[in-house]
Amino acid sequence: MLTKRTNWVQDAIQSALEANGVSSLTRGQLFVIANVAAGETRAADIARNLGISRQAVSQIIAELAERDFIEVSEDPQDRRVRIVVLKSGLGEGDEICSRIFQEIERELLARIGLRRLKNLYDALEAEWGEPPEIGALSAQDETADGVAIAM
C-alpha cells in the first residue's frame, strides 16, 4: 500500500512539473528534488533519507546541476562539504515545488476529506522509531500478531 501511494505522489509531482514547463525527471531526480525542497542541503543526508549511496546521489545532483535545476556550492563552515539548493523556478524564487505540494494536499483533501487527511498527517508525523529488522519470513508469517492486516 505504501509503495502504491508513494508512486501516486510521484506521478502527481511529475505531471505537475511537466504542466509547469519542467521537462521530465527520473524518479531518482524527483526524490532528490523533493528532499532539497524539504530543506535537505547535503548529499550525505539526502542519500541517507533515500537509502542509496552517496555516490548515486552525487551523480543525480550532477545531472540536476547540468540541467540547471539545482545549484551546488561549498559549505562556508566546512569546505569539504557541498551544499545543494534549488534554482529559481523550482525553489524559493517561484516556489513551484511548494505550490505543487500544496495542490496535491488540496486534491487529497477533496478526495479523502479533512478527517482522513488529518489522520494521515498524524500517522506520518508520529515517531516510528528505527526501521524494524525483519528476518527471514516463512509461509506462516502471513499475519501480524495473529491478526490479518486487511487494507
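Coordinate-derived values only; no laboratory data. Keep in mind the model is a prediction, meaning the values are calculated, not measured. Note: ideal-geometry Cβ built from the backbone for every residue, glycine included; neighbour counts use all protein chains shown.
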**Report entry** Filtered residues of the stretch 8-52 (kept if in contact with a helix residue (DSSP H, G or I) (Cβ under 8 Å, 6 or more places away or on another chain), among the polar types (S, T, N, Q) and over 12 Å from L64 (Cβ atoms))
**Finding:** Q10, Q14, N20, S24, N49
Query raised in the report: Just wondering, is there one or more residues in the stretch 111-122 that are surrounded by 15 or more Cβ atoms within 10 Å (Cβ to Cβ) and within 25 Å of D11 (Cβ to Cβ)?
Result: yes
Report summary line: Contact list, first residue from the stretch 19-43 and of a type in the set (K, R), second anywhere and loosely packed, with under 13 Cβ neighbours inside 10 Å, beta-carbon distance below 8 Å, six or more apart or interchain, is R42/D75
